[in-house]
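What follows draws every value from the coordinates through simple rules; no lab data is involved. Computed from a predicted structure; not experimentally measured. Glycine also receives a Cβ, built like all others from the backbone with ideal geometry; neighbour counts cover every protein chain displayed.
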Amino acid sequence: MNSNQTTLIRFSVEFKADYKHWRKNVPGLAEEIEAIVAYVTEVGEIPAEYNPHELTDPDLPYYGLHDFHLFDGKIDLVVIYLKLESLESRLTTATLGFLA
């Protein structure tokens, strides 16, 4: 990450509710999310091993957003996020939400 760039992560209301639900049902979820948030805060991007990618099918409801898969895709728990980049402020915002 460029030293002039700041990463801001905002959690949507939906993400918070889903996280609260899934944290109770998926062992290790809290630790995995905490590790991802720490990495994104420091490096400025989702770790490559999570296969972050843009959703490109215009017929689907999350077209244009990004997602990544938790637990190496072993369970069907996906985080949908909006990635915004502003050249003026060097700010990257990720708003996270679960799709399960």
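A few comments on the model shown:
- When the P(r) of the range 5-49 is calculated, the portion above 14 Å amounts to 57% of the C-alpha pairs.
- Residue 82 paired with residue 54, simple spin-label distance in nm, labels 7 Å along Cα-to-beta-carbon: 1.6 nm
- Extending 7 Å from Cα along the Cβ direction at residue 30 and again at residue 71 yields two label points whose distance is 1.7 nm.
- In this simple spin-label model, placing a label point 7 Å from the Cα along the Cα-to-Cβ direction at both residue 38 and residue 12 gives a separation of 2.7 nm.
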